[in-house]
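The values are calculated or read from the model by the stated rules, or taken from the named source; none is laboratory data. Since the structure is predicted, the reported quantities are computational estimates derived from the model, not experimental observations. Every residue, glycine among them, receives a Cβ derived from its backbone with ideal geometry; neighbour counts consider all protein chains shown. Areas reflect the complete protein model, heavy atoms only, side chains present, ligands, DNA and RNA absent. Shrake-Rupley method; radii C 1.70, N 1.55, O 1.52, S 1.80 Å.
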Amino acid sequence: MLGKMSPICVITFGCQMNEYDSEVMAGLCAEAGWTITDDEEKAGVILINTCSVRRHAEERVWGRLFALKERASREPDLIIGVCGCMAQGKASEIARRCPHVRLICGTRAFDRLPSLIERARRERGGVIDVGEGSLPRLASPPRKRESWLKAFVPVMRGCNNRCAYCVVPALRGPEVSRSGEEIIAEIRLLASDGCREITLLGQNVNSYRAARRDGMQATFAGLLGEIASISGIERIRFMTSHPKDMPDELIAALAGLPKVCPHLHLPLQSGSDRILEGMKRGYTFGAYRLLVRKIRDRVPGIALTTDLIAGFPGETEEDFKRTLGALEEISFDGAFIFKYSDSEGTAAAGFIPKVPDEEIARRHGILLKRQGEIGLAKNSALVGQAEEVLVEGPSPRNPGRLFGRTRANRRVVFEGGERLIGTAVCVTIRAATPLTLLGEFRG
Ligand code: SF4
């Protein structure tokens, strides 16, 4: 019989919010007495934290679930659980297609996860909790962090926007901001544990609003100011900012608070006004361009990254060329470029005409190639310069070297001793690839 000594393995798909949720899931289970393992083979409970934002992400989860079927038939006590966005939106489909899944826990039911695992252990049938009507618990939860040096801290949950391609508002519910006091308390605790870099998370941090004890409304820029005063925290990052409501005070915080890193993720999605309107993004490319000029004027050298979608329904060759032109004109430091795919329950799923898959792949390939060239040119321009690098650990691809990030969030790989891990060092950039800088450290 499966007991608490049988460890739990949490597998994460998707965004930073999911990575954070997985740390909370592991933290809640550890607090309830379970051991946590990274070794899926040794686990008696496998929790898959899922993502529904793109069809590709869902396909990977389905593949993983089908692959676990044979092991589930060999190990009748094994509990396979599906958590997060797919669990929230597709509970009945998961139960139908994967009867070997014994637990389905939606985005609004995380705080009940340990008791749900207990129930799945006792009851042989499947346990489903998608938390209908309830909101996720927002108070600082226990968490089992992946890194002692860096941490994600959500400042809000959900989203009030209605971008036509996005399933997040349906799955994560309306926007709810955490109280500033709670966020500050959590970050103070992280700082006292040695954490030096935090990334504040929210679907749209620009619309963060929380009532303060003095009766005023706390804004995100105000929150950044308070966090910047916490000693021990050296780098503050945040994502995501919606371009339609980027307030001047947030640009001022980027410009004026030294701990706030000079990097902004500002999803453009398309360079065509017609497509932006269809996406319900609420801005034109002209407005985006003006915003970028303002940001670059106020914060010289800031790294700008973005999201782009290739092949949104109705996207013509002309629309696509506008996106390619926008990518070249803005000259992004990095871009996540996605192939459009229908997400069930979104407005865009019903839009026609669809762009054929081969054409989406062609446009996606062109955008990726061009962004690679721009990324390489931008990184190459840094060769010879000295950069402050916060050293995170061994390079994942080359464990004999160290890996870290610059303040502008550029990845740097260089030779150095383990004693440098956790420190900020000055590295001279010697060579560049589109995504990584190769540096030299002289201690
Ligand atoms: S802002 Fe748009 S894309 Fe971002 S989470 Fe909200 S609805 Fe989705």
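If you line up the Cα atoms of region 308-443 on their principal axes, what length do they span on each, largest first, in Å?
That gives 59, 30, 21 Å along the principal axes, largest extent first.
How much of the accessible area of region 348-396, in percent, comes from carbon and sulfur atoms when a 1.4 Å probe is used? Don't skip to the answer; put the middle values down first.
Values: 1600 of 2540 Å².
Carbon-and-sulfur percentage of accessible area, whole number: 63.
Of all DSSP beta bridges located in the chain, what percent are antiparallel, nearest 5?
The antiparallel proportion sits near 35 percent.
For region 386-440, state the average projected area of the convex hull of the C-alpha atoms over all orientations, rounded to one decimal in nm². Write out the running numbers ahead of the final one.
On the way: hull surface 13.0 nm².
Convex hull of Cα atoms, orientation-averaged projection: 3.2 nm².
Pop out the ³J(HN,Hα) list for region 161-168 in order, Karplus 6.51 cos²θ - 1.76 cosθ + 1.60 with θ = phi - 60°, rounded to Hz; leave Gly and Pro as x.
Coupling constants for region 161-168: 7, 9, 4, 5, 9, 10, 9, 4 Hz.
Kindly provide the GluC sites (Glu not before Pro) of region 267-362 that DSSP labels as loop, not H, G, I, E or B, and whose Cβ sees at most 16 other Cβ atoms within 10 Å.
Numbers: sites: GLU277, GLU315, GLU317, GLU318, GLU328, GLU329, GLU344, GLU358, GLU359; in loops: GLU315, GLU344.
Counting only loop positions with at most 16 other Cβ atoms within 10 Å, the GluC sites (Glu not before Pro) in region 267-362 are GLU344.
I need the fraction of alpha carbon pairs in region 198-354 separated by more than 23 Å, rounded to a whole percent.
43 percent
What list of whole percents do you get for P(r) of the chain, with Cα-Cα distances grouped in 10 Å bins up to the one holding the largest distance?
With a bin width of 10 Å, the distribution comes to 4, 19, 28, 29, 17, 3, 0.
Please give the FRET efficiency for ARG97 paired with CYS426, using the beta carbon to beta carbon distance and R0 = 56 Å, rounded to the nearest 0.05. Numbers along the way, then the final one.
Details: r = 53 Å, r/R0 = 0.95.
So, using R0 = 56 Å, E works out to roughly 0.60.
List the aspartates and glutamates whose Cα sits under 17 Å from the Cα of LYS259, skipping any in the same chain fewer than 8 residues away.
By straight Cα distance, LYS259 reaches GLU197, GLU226, GLU234, GLU249, GLU387, GLU388.
Through the Karplus equation 6.51 cos²θ - 1.76 cosθ + 1.60, θ set to phi - 60°, convert the phi angles of region 78-86 into ³J(HN,Hα) values in whole Hz; use x for Gly and Pro.
4, 9, 9, x, 10, 10, x, 4, 5
Let me check against my output: what whole-number percent is the relative contact order of the chain, with C-alpha pairs under 8 Å and at least 6 apart? Could you put the intermediate results ahead of the total?
On the way: 882 pairs, mean separation 42.5, N = 443.
Here the relative contact order equals 10 percent.
Amide H to amide H under 5 Å from PHE152: which residues, 5+ apart in sequence or cross-chain, H placed 1.01 Å off N in plane?
The answer is THR199.
Once amide H atoms are placed 1.01 Å from N in the peptide plane, what residues at a sequence separation of 5 or more from ILE104, or on another chain, have their amide H within under 5 Å of its amide H?
The answer is VAL82, VAL127, ILE128, ASP129.
Can you work out the FRET efficiency for the pair GLU182 and GLU40, with r the C-beta to C-beta distance and R0 = 35 Å, to the nearest 0.05?
Using R0 = 35 Å, I get an efficiency of 0.55.
What's the local net charge at ALA43, with K and R +1, D and E -1, over the other residues with C-beta under 12 Å away? Provide the component values of the computation, followed by the final result.
Details: positive: LYS42, ARG71; negative: ASP38, ASP39, GLU40, GLU41, GLU75, ASP77.
Net charge around ALA43: -4.
List the pairs from LYS244/LYS280; LYS90/LYS244; LYS42/LYS69; LYS244/LYS321 whose alpha-carbon separation is above 19 Å, in the order I gave them. Mind showing how you got there, number by number?
Numbers: LYS244/LYS280 11 Å; LYS90/LYS244 31 Å; LYS42/LYS69 16 Å; LYS244/LYS321 22 Å.
Those over the limit are LYS90/LYS244; LYS244/LYS321.
Mind checking the alpha-carbon convex hull of region 262-380 and giving the volume per residue in Å³? Can you show the working numbers first?
Working: hull volume 11.5 nm³, N = 119.
Expressed per residue, the convex hull around the Cα atoms of region 262-380 is 96 Å³.
Can you give me the Kirkwood hydrodynamic radius for region 298-339, using every pair of distinct Cα atoms, in Å to one decimal?
On the way: mean 1/r = 0.0879 Å⁻¹.
Result for region 298-339, one decimal place: 11.4 Å.
Show the residues, 5+ positions off or on another chain, whose built amide H is closer than 5 Å to the amide H of ALA335.
For ALA335, whose amide H was placed from the backbone, the distant partners under 5 Å are THR306.
Can you sort MET17, MET239 by 1.4 Å-probe accessible area, starting with the largest?
Numbers: MET17 10, MET239 35 Å².
So, going from the largest accessible area down, we get MET239, MET17.
For region 145-257, what's the radius of gyration and Dmax over Cα atoms, in angstrom?
14.2, 42
Counting heavy atoms of the protein chains only and a 1.4 Å probe, report the per residue accessible area for region 386-440 as a whole number of Å². Let's see the in-between values first.
Values: 2690 Å² over 55 residues.
Using a 1.4 Å probe on heavy atoms only, each residue of region 386-440 averages 49 Å².
Can you give the accessible area of ASP214, probe radius 1.4 Å, in Å² rounded to 10?
Roll a 1.4 Å probe over it and ASP214 shows about 90 Å².
From the gyration tensor of the Cα coordinates in region 9-150, what semi-axes in whole Å does the equivalent ellipsoid have, largest first, with each one equal to sqrt(5λ)?
Working: eigenvalues 85, 59, 50 Å².
Ellipsoid half-lengths, sorted descending, are 21, 17, 16 Å.
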